[in-house]
Amino acid sequence: MWKDQETKIDLVNYAGIAGAIVGLIDDGDLSPLTVGVHGDWGSGKSSILAMVQETLTDSDDIAVLSFNGWLFQGFEDAKIALMESIVQELAADKKFGSRIKDAALDLLRRIDWLKTAKKAASVALAVHTAGASLLVEKALDAVTGDSKEDDGKLLRDAEKRDVTKQIHEFREHFRKLLAEANIRQLVVIVDDLDRCLPSTAIDTLEALRLFLFVDRTVFIVAADEAMIEYAVREHFPGLPYSEGPAAFTRNYLEKLIQIPFRLPPMSAEEARSYIALLFTEAALRGQPGAFDKILAAVASQRKKPWEPTHIDLRFVETTLGAAVKLDDSIREQLLIADRVSRPLASGTRGNPRQIKRFLNTLMLRLRLAIAYGLKDAINAGVLSKLMLLERANPTLYRTLVDLVRISQDGKVPGIDIIGPAPAQTEVESPERVSGETADPTASAIIELPDVLLKSSAFYEWSQIEPKLGNVDLRGYLFVSRERTPGFIGAAEFLDLPSDTLRRFLTGTDIEIAALHPELKSLPHDKAEALLDAGLTELRTRADLKERPAVLNGLGALVSVHADLQRRLLEAIADYPADRIGAWLPFYLRGTFTDASNQRALQQLEQRLRDDGDNALKEALAAAARRGKR
């Protein structure tokens, strides 16, 4: 498994970008300077920042500080949080802190004045609006707390002084602080800005330019450009669309960030190299220094980055020599890397974080296979191929799952040899096509649904090695069952036909009504198992803006097994109010009829009234009125 966090180890060939940024920092003539590192979520921005910081840490005359805007999200003023954080970090720095104690204290006092000035402005507005002198003392109490005499004087001073002048004075004193500390360049790394609320993101960027943008400063800002442009549009809601808001947001961003680096997605070859390096790193963790040799060999190959870097077993063995013993599993792992890299690069758009998450899920499922005693029944190559379809096209994946469910041996002959358009309506079994003797229990002619036969995406997936037509896929679906709801051999366990299980999970109101007798006759343990299958499907939904079909079956089940209502109610209550649609109040009133659940139901409805949007609140009122009739 691999940590989902930034790394100073370059597996993606981003060292060149990090080196270019370090070169800009070394060129003192360019400062003050703001550098942007732009890319999608998970594209490697934070790793580049870590590489830059690692390179600069040992410099005697460069101070490197980090600011994570997301961590200061709850602060009242993001500008002040940024300024205060930078000054405090400089004062605490082992190399420079002892030189700037007095200067840092002066700046922190000025920051306190800015805090007070902001409160003073709020007080003045409140007094002016209210038009009542009695509010002055109360407002002063709110601002100054217990120290009314000292802080009240500070407040009165703040009212007299010019805020614009204070900004200029702050910049001048900040410039002097850097000179006194003999700091050639102050490098401030601002990360996770695209995770912040729009107001926090804009305040942070404006603080850089207003207060801190002086000689000897370089700011490196990592953010998704699209998210920052969205923050600009939210910050300026009155901007007329006729004037081109996209152009305005782009210009605004370019004024704040002078030199942008946009991270390109990895190509299929780069993804293959990245995946192979991840697996090689995992295999060599117990052998100090071994992976460093691999990285050095890869770096020498990357001198022509447009040429592919082949990292296979032979490459690893040649690089390490006989002195390092390799685990037998590395051969299989590198084969997996080779098989999944190209389609995975396409499916993840070459995003390192998404690739790593895919591989972590793969390894987790392999561990589940071992825990359930299925190690010999699960091949990593087969599992990874199924996961590629699961990720890239959930509709096709669910269709394949349905075919496995209705098969007698877990096999779906024919999926390996379907051809591109024109689509076939009948497909011969692999054994017949290859000339081998067919299994007498298998069907010679396999009918596949049109959704598979007419899909070019499914055809391309089917050509990836290994072939699956003669593989029992039930074990693979078992270890993947968080995405295959109810699959545990669920139909067999529940003594339900597979079509009945399908209707329970996806059926319309009419289909569910026909299931009532079967649901009512289920013993308690079987009803609980069916509830688990339905809740698994429900939890795959990111929100309940639209009513998912599985709630039809779940509602019917708990209507005839009332003791299960609480678990369904709790599952629905897990969703935040802003992820719930206006249909829900009527469903709640019609489903949770058992008296023991009324208090929990009332609490849920009250939370939705407090936090929901207007449409949800109106629906709650309408459902309540209907209930009283």
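Take every pair of alpha-carbon atoms less than 8 Å apart whose residues are at least six positions apart; their mean separation over the length of segment 341-418 yields a relative contact order of 20 percent. Over segment 490-628, Cα pairs under 8 Å with separation of 6+ residues give a relative contact order of 22 percent. Hydrodynamic radius of segment 294-414 by the Kirkwood approach over all distinct alpha-carbon pairs: 16.8 Å.
Which far-off residues, 5 or more places away or on another chain, put their amide H under 5 Å from the one on residue 217, with H placed in the peptide plane? Here the answer is 33, 186, since their amide H atoms fall under 5 Å of that of residue 217. Taking all pairs of distinct Cα atoms, average 1/r, flip it, and tell me the Kirkwood hydrodynamic radius of segment 514-560 in Å to one decimal place. About 11.2 Å, per the Kirkwood formula over Cα pairs.
In a DSSP loop and with at most 12 other Cβ atoms within 10 Å, the GluC sites (Glu not before Pro) in segment 24-113 are 76.
For segment 275-317, the equivalent ellipsoid built from the Cα gyration tensor has semi-axes of 19, 11, 8 Å, listed from largest to smallest. Which pairs break 29 Å Cα to Cα here: 411/520; 8/385; 45/94; 325/375; 255/304? The answer is 411/520; 8/385; 255/304.
Along segment 183-196 the Karplus relation, 6.51 cos²θ - 1.76 cosθ + 1.60 evaluated at θ = phi - 60°, assigns HN-Hα couplings of 8, 5, 9, 9, 10, 10, 9, 10, 10, 6, 5, 6, 8, 7 Hz to successive residues, with x for each Gly and Pro.
Under 4 °C and 1.567 mPa s, how fast does segment 568-620 diffuse according to Stokes-Einstein, given a Kirkwood radius computed over C-alpha pairs? Answer in µm²/s, whole number.
117 µm²/s
Going from the fewest other Cβ atoms within 10 Å to the most, the residues 592, 291 appear in the order 291, 592. Residues whose amide H lies under 5 Å from that of residue 261, counting only those 5 or more places away or on a different chain, are 36, 37, 38; hydrogens are built 1.01 Å from N in the peptide plane. Largest first, the three principal axis extents of the alpha carbons in segment 546-598 are 29, 21, 16 Å in whole numbers. One decimal place: the segment residue 58-residue 586 gains 183.7 nm when fully extended, by the rule 0.36 nm per residue minus the C-alpha distance.
Here the scattering of segment 244-288 is modelled by Debye summation over its C-alpha atoms, one equal scatterer each and no solvent; at q = 0.23, 0.24 Å⁻¹ the log10 of I(q)/I(0) is -0.82, -0.85. The convex hull built on the alpha-carbon positions of segment 490-628 has an orientation-averaged projected area of 8.0 nm².
Laboratory data are not the source of any read-out in this text; all were calculated from the coordinates shown. Just so it is clear, the structure is predicted and the values come from calculations on it, not from any experiment. Here the Cβ is made from the backbone with ideal geometry for all residues, glycine too, and neighbour counts use every protein chain on show.
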